[in-house]
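The values are calculated or read from the model by the stated rules, or taken from the named source; none is laboratory data. Since the structure is predicted, the reported quantities are computational estimates derived from the model, not experimental observations. We place every Cβ from the backbone using ideal geometry, glycine too, and count neighbours over all the protein chains shown.
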Amino acid sequence: MRVIRLSHSGINYFARLVDDATAQLWTAAPWLGGTETDRLVPVRSDTLLAPVAPSKILCVGRNYRAHAQELGNDVPTEPLLFLKPPSSLLGPGASIALPPQSARVEHEGEVGIVIGSELRNATADQARKAIFGFTCVNDVTARDLQKKDVQFTRAKGFDTFCPVGPCVETDLTPDSLRVITRVNGAVRQDGNTRDMVFPIDELLAFMSHIMTLAPGDLIVTGTPAGVGPLVHGDRVDVEVEGVGVLSNAVTHASAKAT
Ligand code: ZN
């Protein structure tokens, strides 16, 4: 099943993709007990929203060996966690806004996980069963501010710095998924989840011993090697095998969003 979120007649709905052009509306998010209605609506690129509504966005840094090395960091012995605010969410097709405070904004294509049921002090097996589905995430990062601040909050937290979508795919196993990032069509990152330092089930279990993971929470699982800059006028695509392509334009914060 592919779950999307869209605006229809001024109201935001979660919906199931019936085909590329049609969706069936839900009463609420499926991970919050929503059920399918009998209403079919057309899917248009300009009404698609990020297909998530998380209470938190919990991310892991340096979860691919080659990426840790390219930034001159050691591979961590425990997962390195940080949060992005839900206000940073951006839908497919919307524009990433380059903030004036940064001279170096970079893409980080990643696999996103949507939590289906509450996880607290979980085992890896329990964590696997609590996954609702998978999506594409671009963990946009102001690299200069990340280095300057040490803390990640500002560098990772600007509005529009968390594009997600285009859908949440429920019928996938995450152990060997390709994740590819392209800028203006040229491949910048080409990784595979089998190369993660901390595999997804272990990562979720580790996180759940720190904070309760709630249904709908978005977990962002780290980026492979090849991160690089984004500039005004770029188009950045994050593709997760089996999910689809998340595509966003890049503009100056002062420029009108397209
Ligand atoms: Zn990242």
Considering Leu119, Leu145, Leu203, Leu98, which residue is crowded, with 19+ Cβ neighbours inside 10 Å, among the aliphatic types (A, V, I, L, M) and either within 16 Å of the chain's Cα centre (by Cα) or not assigned by TED's automatic domain parsing to the domain that holds Arg235 (or both)? Leu203
Is one or more of the residues making up region 45-65 over 19 Å from the mean Cα position of the chain (by Cα), surrounded by 13 or more Cβ atoms within 10 Å (Cβ to Cβ), farther than 27 Å from Ala249 by Cβ and outside the structural domain of Asn12 (by TED's automatic domain parsing)? yes
Matching residues in region 208-238 (over 16 Å from Val140 (Cβ atoms) and within 16 Å of the ligand (Cβ to nearest atom)) number 2
Restricting to region 161-178, give me the number of residues that are touching a helix residue (DSSP H, G or I) at 6+ places or on another chain (Cβ under 7 Å) and away from the ligand (no atom under 15 Å from the Cβ). 4
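If only one of Arg154, Arg128 is within 16 Å of the ligand (Cβ to nearest atom), modelled with pLDDT of 95 or more and among the charged types (D, E, K, R), which one is it?
Arg154
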Candidate set from region 36-80 (those that are in a loop (DSSP other than H, G, I, E, B) and of a type in the set (Val, Ile, Thr)); member that is nearest to the ligand (Cβ to nearest atom): Val75
From the residues in region 132-151 that are in contact (Cβ under 8 Å) with a residue 24 or more places away in the chain and more than 14 Å from the ligand (Cβ to nearest atom), which one is farthest from Ile96 (Cα to Cα)? Phe132
Which condition from (1) of a type in the set (Asp, Glu); (2) away from the ligand (no atom under 15 Å from the Cβ); (3) modelled with pLDDT of 95 or more is the one that Glu110 breaks? (2)
